[in-house]
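A short write-up of the structure that comes next.
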Amino acid sequence: QVQLVESGGGLVQAGGSLRLSCAASRIIFSLYKMGWYRQAPGNQRELVAFITRGGTTNYQDSVKGRFTISRDNAVNTVYLQMNSLKPEDTAVYYCAAYVPDVVWGQGTLVTVSS
């Protein structure tokens, strides 16, 4: 079955940057849309961004201009570059593969201090 492993989370000050990575295995990675979601304490999981197999991207309004999703099919990895981070970006970030049912990674915690 598909496995997704996220990395790159951590503690950063407001205005800083982080890059999340999600390595996929047991999947023909290039065929599938990939996404990043996040879930803050007490909130529902929400879509942050997705990237289609053709490279088309879509972002939640609150991260447009600050976050960039990309993929490298050669290494079966999707990335989320996060710049100008804000305290409200604090959440557990999850990688998702649409195969077509959604498969989730285990999540990586991002904490942005003010």
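The values are calculated or read from the model by the stated rules, or taken from the named source; none is laboratory data. None of these values were measured; they are calculated from a predicted model. Positions of Cβ are generated from backbone atoms using ideal geometry, with glycine treated the same way; all protein chains shown enter the neighbour counts. When the accessible area is computed, the model is the full protein with side chains, heavy atoms only, and any ligands, DNA or RNA have been set aside. Shrake-Rupley method; radii C 1.70, N 1.55, O 1.52, S 1.80 Å.
Take the Cα pairs of the range 54-106, get the Kirkwood Rh, then feed it into Stokes-Einstein at 37 °C and 0.692 mPa s and tell me D in µm²/s.
Rounded to a whole number, D works out at 257 µm²/s.
Can you tell me the accessible area per residue over the chain, all protein chains present, probe 1.4 angstrom, in square angstrom?
Accessible surface, normalised per residue, equals 52 Å².
Taking only Cα atoms of the chain, what ratio of Rg to Rh do you get with Rh as the Kirkwood inverse-distance radius?
Computed over Cα atoms, the ratio is 0.95.
Residues in the range 18-43 near a label at T52, defined as backbone nitrogen under 15 Å from the 7 Å Cα→Cβ point?
Those under the cut-off are 31-35.
Tell me, what ³J(HN,Hα) does each residue in the range 21-36 have, in order and in whole Hz, if you take phi through Karplus 6.51 cos²θ - 1.76 cosθ + 1.60 with θ = phi - 60° and put x for Gly and Pro?
Values per residue, Gly and Pro as x: 10, 9, 9, 9, 9, 6, 7, 7, 3, 5, 8, 10, 5, 10, x, 10 Hz.
Calculate one ³J(HN,Hα) per residue across the range 77-86 by plugging θ = phi - 60° into the Karplus curve 6.51 cos²θ - 1.76 cosθ + 1.60, and present them in order as whole Hz with x for glycine and proline.
9, 10, 10, 9, 8, 10, 10, 6, 5, 10
How many percent of the accessible area of the range 42-114 is carbon or sulfur, using a 1.4 Å probe?
For the range 42-114, the apolar C and S fraction of the accessible surface comes to 47 percent.
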